[in-house]
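Each remark here refers to the structure printed beneath this line.
Please treat every number below as a calculation from the coordinates, not as lab data. As the structure is a computational prediction, the values presented were derived from the model and not from experiment. Don't worry about glycine lacking a Cβ; one is built from the backbone with ideal geometry, like all the others, and counts go over all protein chains shown.
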2 protein chains.
Amino acid sequence: MKKVFFTPGPAELFPTVEQHYKDAFDQQLGSISHRSQRFRDIYKHTSEQLKTLMNIPESSGIFFTSSANEIWERILQNTVEHESFHLVNGSFSKKFYDFSSELHKYAHKFEKPFGEGFDYSEIIVPEYAELICTTANETASGVQMRPSEIHKTKRGNKDKLVCVDTVSSAPYPDLDMALIDSAFFSVQKSFGMPAGLGVWIAAPSLLEKAERMKTHEGNVGTYHSLPTLWKNFEKFETPETPNVMAIYVLGKVAEDMNKIGIDVIRKETEKKAKVLYDFAEKCDFLDIFVKNPDHRSQTVIVIDVKEKNAADIIKKVQADVNMVIGSGYGDFKATQLRIANFAAVNMEQVETLIEAIKRV
Amino acid sequence: MKKVFFTPGPAELFPTVEQHYKDAFDQQLGSISHRSQRFRDIYKHTSEQLKTLMNIPESSGIFFTSSANEIWERILQNTVEHESFHLVNGSFSKKFYDFSSELHKYAHKFEKPFGEGFDYSEIIVPEYAELICTTANETASGVQMRPSEIHKTKRGNKDKLVCVDTVSSAPYPDLDMALIDSAFFSVQKSFGMPAGLGVWIAAPSLLEKAERMKTHEGNVGTYHSLPTLWKNFEKFETPETPNVMAIYVLGKVAEDMNKIGIDVIRKETEKKAKVLYDFAEKCDFLDIFVKNPDHRSQTVIVIDVKEKNAADIIKKVQADVNMVIGSGYGDFKATQLRIANFAAVNMEQVETLIEAIKRV
């Protein structure tokens, strides 16, 4: 019997993924040229399905990288001449901030303790910051930044670019993609695919900035500079030979999700999240980690473990029902559980998981 | 019936690849953590199998990127403070050279016309070049640089780093990996896998250089800087969530190749190349493109088409025996054929292909 993964990434595969990979092999997509019409059709299909699913404007570009780590690097390289600004409240938003310094930019941050989130009213953006980096869902701490707060941040800073790390949340957050300048994710989280593909959505505002930097002798990289990516995207090609299979499968998964409907997926996500949070609140030996309900992630539920040992719970649940819960991140490994609530797991599985935790 | 791909990349899949992917799904490798012992075991296995197959010293690091394009960028970023030197004789070696300028380095080149190759005796390396960039096989023109000439280049320039682009040749060229400083390839060529993984082999000499550059405030990148990759490699981890499935399958393919034996693979490659070149020489409407026999690639056979139309030959052969021949690169599309001679195709298939070309 196969395990069910409630880990926050890599995570449970979306139910159709293995079949889509099989189809890709049947169609010999591992051997086709990335300069062929067949590939251009695949790229176009994936781009269209994502645009429908996430309500992305026609004018935006969709680019494929190897990971979200790569996108952190590329977006800083291509849009920040001098200064970036980061909302930091966990290991991943901190890493994005660190990348900026490593690239010899001046990185500002507004930092909050692990488990706390951001509202627009308290954010003061440094005057010369060119890019504001927000995180829709901190995978490490299970804290979300609500789309409304991200939107206000952009509206209050129209002269600056705003990007949203949606790694462990997309396509759940209902972001106004015509307002924000960029969003990105990797496929091994909410899209339920094997890792190895990052997806970067960018408005023309980003391209303009990158072109301007290039003109002023800025180093925007090589094959994955935004101008090069965009030029290739216009003909649905990629600069390098890309992960063709994953691009194909992502298009198919997005198509499956469009058939279900993004509203249904969002409602289901919220229903499952509510069941999990309610359980954690009522259970004797558990507690919700994120205190402010507005900041509680809908896609990664982080739970404090009291009295019992977190590793012991994980072990016993796996032995009982063959379900894998994620451990707490870093220093919280011994005292927290992280339960991914992505589209790949359904309510029935969530209920089975809860019953198993109760039996521990 | 499935096609057989004689295209030089993406190419025909190695016969065991699809089954290895199936096994990876059965083992749920798409859902495992890249910080788990299971992943570390996979990385270690792949590293060991490649080290055996290509006779790579124990002290070398093996790193995974998304493509060879990425490795061009990373190696320049991490080892060239000011000046690089490139042997350019085709589109891919030219691109490597271009990357250096794009990264604001001073790039020197020794350029030869398309179809010609390099011998050590004629190479004059600029005094201040830090990295010498050679290409074992120009995929565009079907020209090889023999290992003996690459070795002499390193022996004659011991104070400089020498790297070898083995994208469409590895594991065929019998390189002295204890002598040269770095080699790299992507898996969709000779290893017969779907694209999406680059493999970078680096000696400690590269790490020393990168560390020195970093100390002197050099920008060596972020998550894929050589120091970061190496630190992770020491525990068989990767900085980001990598393409776990492809890393697993590459280890399995390398294991399969080790079972066949690298000597057998090399001899088979040479036998098939000889049959193809002999045929091109004798055939009325074909000719060998690369005039100097020493410079003729063993893995990508480039053939001039006389009188007939190249596209027509490709079309008719596919209709006849369902085999796909590669077209000439760029300007040579109308007048050349490129036939990949990787380990995934056997002598019987080569003979079937030749008979079909004869029938055109």
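Highest GNM mean-square fluctuation among B:Ser59, B:Ser169, B:Ser84, for chain B modelled with Cα contacts below 10 Å: B:Ser59.
Do any GluC sites (Glu not before Pro) in segment B:237-324 lie in a loop, going by DSSP, with at most 10 other beta-carbon atoms within 10 Å of their beta carbon, and if so which? Here the GluC sites (Glu not before Pro) that fit, given the DSSP loop and packing criteria, are B:Glu307.
Amide hydrogen proximity for B:Val162: with H placed 1.01 Å from N in the peptide plane, the residues at 5 or more positions away or on another chain lying under 5 Å are B:Ile132, B:Asp181, B:Ser182.
What share of the DSSP beta bridges in segment B:129-231 is antiparallel, in percent to the nearest 5? Display every interim value, and only then the final one.
Numbers: 7 of 15 bridges.
Approximately 45 percent, going by the DSSP bridge assignments.
For A:His151, the point set 7 Å out from Cα toward Cβ sits 6.8 nm from its twins in the other copies, listed from shortest up. Take B:Asp294, move 7 Å from Cα toward the beta carbon, and the resulting point lies 7.5 nm from the same point in each other copy, nearest first. Taking label points 7 Å from Cα along the Cα-to-Cβ direction, B:Tyr128 and B:Ala311 give a separation of 4.8 nm. Remark: the protein assembly as shown carries a charge dipole of roughly 860 debye about the Cα centre, counting +1 on each Lys and Arg Cβ and -1 on each Asp and Glu Cβ. Out of A:Phe25, A:Phe342, A:Phe118, any idea which swings most in a Gaussian network model of chain A, alpha carbons joined below 10 Å? Among A:Phe25, A:Phe342, A:Phe118, the largest mean-square fluctuation in the Gaussian network model of chain A belongs to A:Phe25.
When both bridge partners sit in chain B, DSSP labels roughly 55% of those beta bridges antiparallel. Distances, shortest first, from the label point of A:Lys274 to those at the same position in the other copies read 7.5 nm; the point lies 7 Å along Cα to C-beta. Please go through segment A:175-223 and write out the trypsin sites (Lys or Arg not before Pro) that DSSP classes as loop and that have at most 12 other C-beta atoms within 10 Å. Counting only loop positions with at most 12 other Cβ atoms within 10 Å, none of the trypsin sites (Lys or Arg not before Pro) in segment A:175-223 qualifies. Pairwise Cα distances in segment B:221-360 exceed 26 Å for 42 percent of all pairs. Spacing of the modelled spin labels on A:Arg359 and B:Arg35, each 7 Å from Cα toward Cβ, amounts to 2.9 nm. Sorting B:Arg338, B:Arg146 by the number of Cβ atoms found within 10 Å of their own Cβ, with the fewest placed first, yields B:Arg146, B:Arg338. Near the amide H of A:His86, within less than 5 Å, lie the amide hydrogens of A:His108, A:Lys109, A:Phe110, A:Cys133, all on another chain or at least 5 residues away, with H placed in the peptide plane. Each part gets one Cα centre, and for segment B:303-360 versus segment A:277-324 those centres are 60 Å apart.
With a/c under 1.5 counting as rounded, go ahead and sort chain B into rounded, prolate or oblate using the C-alpha gyration tensor (a ≥ b ≥ c being the square roots of the eigenvalues; past the cut-off, prolate if a/b is larger than b/c, else oblate).
Working: a/c = 2.03, a/b = 1.25, b/c = 1.62.
It comes out oblate by the Cα gyration axes.
The chymotrypsin sites (Phe, Trp or Tyr not before Pro) of segment A:60-103 include none that DSSP puts in a loop with a beta carbon having at most 10 other beta carbons within 10 Å.
With an 8 Å Cα cut-off and a minimum separation of 6 or more residues, compute the relative contact order for chain A in percent. Working shown, then result.
Numbers: 702 pairs, mean separation 88.1, N = 360.
Reported relative contact order: 24 percent.
Could you tell me which of the pairs B:Lys109/B:Lys282; A:Lys189/B:Lys214; A:Lys3/A:Lys308; A:Lys189/B:Lys105 are separated by over 31 angstrom between their Cα atoms in the structure shown? Result: B:Lys109/B:Lys282; A:Lys189/B:Lys214; A:Lys189/B:Lys105 exceed 31 Å. Reducing segment B:70-147 and segment A:144-195 to their Cα centroids gives an inter-centroid distance of 40 Å. Sequentially through segment B:323-338, phi angles give Karplus couplings (6.51, -1.76, 1.60; θ = phi - 60°) of 10, 9, 9, x, 7, x, 8, x, 5, 9, 4, 7, 10, 10, 10, 10 Hz, Gly and Pro residues having no value and appearing as x. Note on segment A:17-259: dipole from Cβ charges, positive end direction compared against A:Phe114, A:Ser33, A:Thr222; the farthest Cα belongs to A:Ser33.
Our coupling estimate for segment B:226-233, obtained by passing each phi through the Karplus curve with A = 6.51, B = -1.76, C = 1.60 and θ = phi - 60°, is 4, x, 6, 4, 5, 4, 6, 4 Hz, Gly and Pro reported as x.
Charge dipole (Cα centre; +1 on Lys/Arg Cβ, -1 on Asp/Glu Cβ; no other charges) of segment A:204-360 amounts to roughly 100 debye. Considering the rotation that superimposes chain A on chain B, the residue of A whose beta-carbon lies nearest the axis, and that distance in Å, is A:Ser66, 2.
Could you estimate the translational diffusion coefficient of segment B:238-305 from the Stokes-Einstein equation, with Rh from the Kirkwood formula over C-alpha pairs, at 20 °C and 1.002 mPa s, in whole µm²/s?
Details: Rh = 14.7 Å.
Diffusion coefficient, whole number: 146 µm²/s.
Note on chain A: with a GNM built from Cα contacts shorter than 10 Å, the maximum mean-square fluctuation among A:Gln77, A:Gln144, A:Gln349 falls on A:Gln349. Going 7 Å from the Cα of A:His104 in the Cα-to-Cβ direction, what parts of segment B:123-139 have a backbone nitrogen less than 18 Å from that spot? The answer is B:130. Beta bridges from DSSP with both residues in the protein assembly as shown: antiparallel share about 55 percent, rounded to the nearest 5. Think of segment A:170-306 as having a plus end and a minus end, set by charges on the Cβ of Lys, Arg, Asp and Glu; of A:Ile180, A:Pro239, A:Val305, A:Val305 sits farthest toward the positive end of this dipole. Close amide H pairs (under 5 Å, H built 1.01 Å from N) link A:Arg296 with A:Gln144, residues at least 5 positions away or on another chain.
Which shape class, rounded, prolate or oblate, goes with the protein assembly as shown when its Cα gyration tensor gives a ≥ b ≥ c as root eigenvalues, a/c under 1.5 marks rounded, and past that a/b bigger than b/c marks prolate?
Details: a/c = 1.85, a/b = 1.57, b/c = 1.18.
Prolate is the answer for the protein assembly as shown, as a/c is 1.5 or above and a/b outweighs b/c.
Roughly how big is segment A:290-335's charge dipole about its Cα centre, with Cβ charges of +1 (Lys, Arg) and -1 (Asp, Glu), in debye to the nearest 20?
Values: 7 positive and 6 negative charges, 6 e Å.
The calculated dipole for segment A:290-335 is roughly 20 debye.
What is the order of A:Met1, A:Met213, A:Met177, fewest Cβ neighbours within 10 Å to most?
Working: A:Met1 5, A:Met213 21, A:Met177 18.
In order of increasing Cβ crowding within 10 Å: A:Met1, A:Met177, A:Met213.
Along segment B:238-253 the Karplus relation, 6.51 cos²θ - 1.76 cosθ + 1.60 evaluated at θ = phi - 60°, assigns HN-Hα couplings of 10, x, 10, 6, x, 7, 4, 4, 5, 5, 4, 5, 4, x, 5, 5 Hz to successive residues, with x for each Gly and Pro.
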